[in-house]
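Everything on this sheet refers to the single structure shown next.
The values are calculated or read from the model by the stated rules, or taken from the named source; none is laboratory data. Because the structure is a prediction, the values reported are computed rather than measured. As a convention, Cβ positions derive from the backbone with ideal geometry for all residues, glycine included, and neighbour counts pool all protein chains shown.
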């Protein structure tokens, strides 16, 4: 039996329409949340108090100003025991509404840092001083996932 090209094309079109309709009706049990910029820091031995003093003063001051200006939503400081000699022992987490907002506010954040923290030269001097008490191991951007139950399911 030979299938005519028109009939085959119609069958393919119907299958694609049905799959498209069913895909459009699928409800994900989650949605995208805020974006976190996470810095992984290793405080040098004996320098924990010195670094945490910086975090509780200058770093917090900049975070609070950023929050007040609507650049960030929130921030967190989390300490952890290292699992190996090269592991971090503190995470600095900054929450943004989403990636687009974070990128759109980059210049505004830089301008605010100039006011709150100081000029580029002052900021670089601060980085140099902090090299003596901590090591930045890296950073990541992470997206929070908000879990929602599917509609119509228990």
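Tabulated data for the structure shown
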read-out: Those helices (runs of 4 or more DSSP H) lying entirely in segment 44-154 with at least 1 residues more than 23 Å from residue 34 (Cβ to Cβ); value: 48-54, 106-116, 120-130
read-out: Any hit, segment 118-130, residues being within 27 Å of residue 44 (Cα to Cα) and touching a residue at least 60 places away in the same chain (Cβ under 8 Å); value: yes
read-out: Single condition residue 90 does not satisfy, out of (1) modelled with pLDDT of 95 or more; (2) closer than 14 Å to residue 134 by Cα; (3) more than 17 Å from the chain's Cα centre (by Cα); value: (3)
read-out: Out of 133, 90, sole residue that is touching a helix residue (DSSP H, G or I) at 6+ places or on another chain (Cβ under 6 Å), more than 21 Å from residue 31 (Cα to Cα) and surrounded by 15 or more Cβ atoms within 10 Å (Cβ to Cβ); value: 133
